[in-house]
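Here the structure is laid out as structure tokens; the discussion comes afterwards.
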Amino acid sequence: MKGLLVKDLKIIMQNKTMLAVLVIIEAVFFVMQEADGMGFVIAYMMMGCGMMALSTVTMDEHDKSMGFLMTMPVSRRDYALEKYVLTFLCMLAGGLAAFLPYGLLLSGEAGRMFTAVMGIVPVMVVIQMVALPAQMKFGGEKGRIVLACIFAAVMLVMIAVEKIGKQYGGQPWLRDLVKEVSDGIRKTGTAGAVGIAAAVCAVCIWISYLASRRIMEKKEF
């Protein structure tokens, strides 16, 4: 698995254009919006770096290279596991790259940083855990279409939530529901909130990995 990981990291590092675009967009939003753009920057960097990890699946299938890879001393389970390790390394690197400028230059916004991280990281993990088995299943052109549909669905859900909030935000029942949820989260404390987020992520990761492993075990090259 180590050899696969080194191979994929080298492929990603060769994509200097994409890496430069990610850094430039982060810098622009940091300068223009400062703390207000924190949530978008963290989500964008984690998503962008995660997508670069997903692209290695397509690269492996290019010119039917997957059959050659499977002749190496690695199993299909090793291959699936390596893609998850790679995805989390890339997402972690993207998250740290996004968080570092805010942590160094806007240290007074620690509360907002924590809220942004707790709200965004689990969502990004869930999205990637859906996208990874989809990419392994379909790959290539079909995989990109599936990924586009996944992100479109996420955007539609976010837009729907925003519209519902604007339309019914003044309703007493909705205010009471939001207040109950907020109070419940506050009662758990920071450790409880982190624990809940970690548990949700862990369940999604495990289900996703089992799906990807099964896909790879049944796939023909």
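The values are calculated or read from the model by the stated rules, or taken from the named source; none is laboratory data. Everything numeric in this text was worked out from a predicted model, so none of it was measured. Because the Cβ atoms are built from the backbone with ideal geometry, glycine has one as well, and the counts that use them run over all protein chains shown.
Quick check on my filter: what residues within segment 97-142 are within 14 Å of the chain's Cα centre (by Cα) and modelled with pLDDT under 75?
If the condition is that a residue be within 14 Å of the chain's Cα centre (by Cα) and modelled with pLDDT under 75, then Val117, Met118, Gly119 are the ones that fit.
From the list Val41, Val23, which residue is in contact with an Asp or Glu (Cβ under 6 Å, 6 or more places away or on another chain), closer than 12 Å to Ala98 by Cα and assigned to a helix (DSSP H, G or I)?
That would be Val41, the only listed residue that is in contact with an Asp or Glu (Cβ under 6 Å, 6 or more places away or on another chain), closer than 12 Å to Ala98 by Cα and assigned to a helix (DSSP H, G or I).
Pairs under 8 Å by beta carbon, first residue within 18 Å of Glu82 (Cα to Cα) in segment 193-214, partner in a helix (DSSP H, G or I) and among the basic types (Lys, Arg), six or more apart or different chains?
Pairs that qualify, where the first residue is within 18 Å of Glu82 (Cα to Cα) and the partner is in a helix (DSSP H, G or I) and among the basic types (Lys, Arg), are Ser212/Lys83; Arg213/Arg76; Arg213/Arg77.
Within segment 52-63, identify whether any single residue is within 25 Å of Ser212 (Cβ to Cβ) and exposed (fewer than 13 other Cβ atoms within 10 Å of the Cβ), and answer yes or no.
Within segment 52-63, one or more residues are within 25 Å of Ser212 (Cβ to Cβ) and exposed (fewer than 13 other Cβ atoms within 10 Å of the Cβ).
What pairs come out if I take residues in segment 53-72 that are farther than 16 Å from Ile12 by Cβ and modelled with pLDDT under 80 and pair them with residues that are part of a helix (DSSP H, G or I) and charged (D, E, K, R) whose C-beta lies under 8 Å away, six or more apart or interchain?
Sorted first by the residue in segment 53-72, then by its partner, the pairs are Met66/Asp60; Leu69/Asp60; Met70/Arg76.
What number of residues within segment 40-70 are among the small types (Gly, Ala, Ser) and touching a helix residue (DSSP H, G or I) at 6+ places or on another chain (Cβ under 7 Å)?
Here the count works out to 4.
Is it the case, given these coordinates, that Phe88 is of a type in the set (A, V, I, L, M, F, W, C) and either modelled with pLDDT of 75 or more or over 25 Å from the mean Cα position of the chain (by Cα) (or both)?
yes
Between a first residue in segment 27-38 that is within 13 Å of Ala98 (Cβ to Cβ) and a second residue that is modelled with pLDDT under 75 and of a type in the set (Gly, Ala, Ser), which pairs have beta carbons less than 6 Å apart while being 6 or more apart in sequence or on different chains?
Phe29/Gly37; Met38/Ala116
List the pairs whose first member sits in segment 134-145 and is of a type in the set (S, T, N, Q), whose second member is at pLDDT below 75, and whose Cβ atoms are under 8 Å apart, counting only residues at least 6 apart or on separate chains?
Gln135/Gly143; Gln135/Val146; Gln135/Leu147
Would you be able to say whether some residue in segment 80-90 is touching a helix residue (DSSP H, G or I) at 6+ places or on another chain (Cβ under 9 Å) and closer than 22 Å to Ala27 by Cα?
Yes, because at least one residue in segment 80-90 is touching a helix residue (DSSP H, G or I) at 6+ places or on another chain (Cβ under 9 Å) and closer than 22 Å to Ala27 by Cα.
Starting from segment 88-100, keep only residues that are assigned to a helix (DSSP H, G or I), then list their pairs with residues that are of a type in the set (Phe, Trp, Tyr) whose Cβ atoms are within a distance under 8 Å, requiring at least 6 positions of separation or different chains.
Correct list of pairs: Ala98/Tyr44.
Among the residues of segment 8-18, count how many are closer than 27 Å to Asp78 by Cα and touching a residue at least 12 places away in the same chain (Cβ under 8 Å).
5
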